[in-house]
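Notes follow once the structure below has been shown.
Just so you know, all these numbers are worked out from the coordinates, no wet-lab data involved. This structure is a prediction, so every number in the text was calculated from the model and none was measured. Here Cβ is always computed from backbone atoms with ideal geometry, including for glycine, and neighbour counts include all displayed protein chains.
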Amino acid sequence: MRNLMRLRLLAALLAYAGLVTAADAEPVRFPSAVVPPTPLQLRLASERSLPVPEIAPGQMLVGELYRPSGEGRFPAVVLLHGCDGRLSAAGEQREAQKLMALGYAVLAVDSFGPRGVRHRCAEEFGVPVDRVMDAYGALQYLANRADIDPDRVAVMGYSQGGITAISAVTRGGVETLFERHFKAAVAYYPGCDNTEVAAPTLILIGALDEWTPTSNCREMIARQSGAGAAVELFVYPDAYHSFNFPRDHSREYFGYRLEYNEAADRAAWNETTRFLRQNLGR
């Protein structure tokens, strides 16, 4: 039975691989979002016949855009890497291929490379504001493309990218600054705090994760008042941090254990598929 499951997984990955190669990914450039003028600034400018205050352009970012074959306006997923920077080429393509198999375009954002940052794993736990703005810059870029449905864009991230995904949809947070919002958020093993969200959110985490403890996410769920959107939490037994990225053996990174868990990977992907189809269609 175990060998049969492995063969099925291999067949699925091979099917995904037929959808895209590295050459099929389109390198793109777009600016990180910036805070728009406040209503007060706009009102004062109008009342006093003054120009609207100028805002410095955002950091220019790079990314890879993966599109399913065919024509049409595709739903899309903004993909956010963890604190150690952009995923490996193989890892990024694996994730993009799975999402494209569902009919979604994927924009994998590189927040660190353009800024000359190697990693942000040694900093205090939390999300640099620029990463949230990067997510909104990616959303704005996609919304201006004729081949993307701007009303069906989700944000998905891993570890610090997962924290960023939640921050991007936190109720009363950065999302209030922009007219265009994410339809949903998927967070793999994020750090959780006591926030409510403005868009449906899915959290997937390992029970043995010491870097981003499950207890924080359980507390976040318990404190939901019902005023925001729904948050779903799935905890996988025997799974550590980074459980969905295959590697030859477990290892320690900044003092925390990283280990692939095939059962958790498969189960989490099933939940991701269900959740995205529920919120983005296809």
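General remarks:
- Of the trypsin sites (Lys or Arg not before Pro) found in segment 142-236, those in coil by DSSP whose Cβ has at most 16 other Cβ atoms within 10 Å are Arg171, Arg180, Arg223.
- Length added when fully stretched, Arg266-Asp151, from 0.36 nm per residue minus Cα-Cα: 38.6 nm
- The modelled label-to-label distance for the pair Arg257/Ser225, using points 7 Å beyond Cα in the direction of Cβ, is 3.9 nm.
- In segment 85-138, the C-alpha radius of gyration followed by the widest Cα-Cα span (Dmax) gives 13.0, 37 angstrom.
- The chymotrypsin sites (Phe, Trp or Tyr not before Pro) of segment 172-263 that DSSP puts in a loop, and whose beta carbon has at most 14 other beta carbons within 10 Å, are Phe254.
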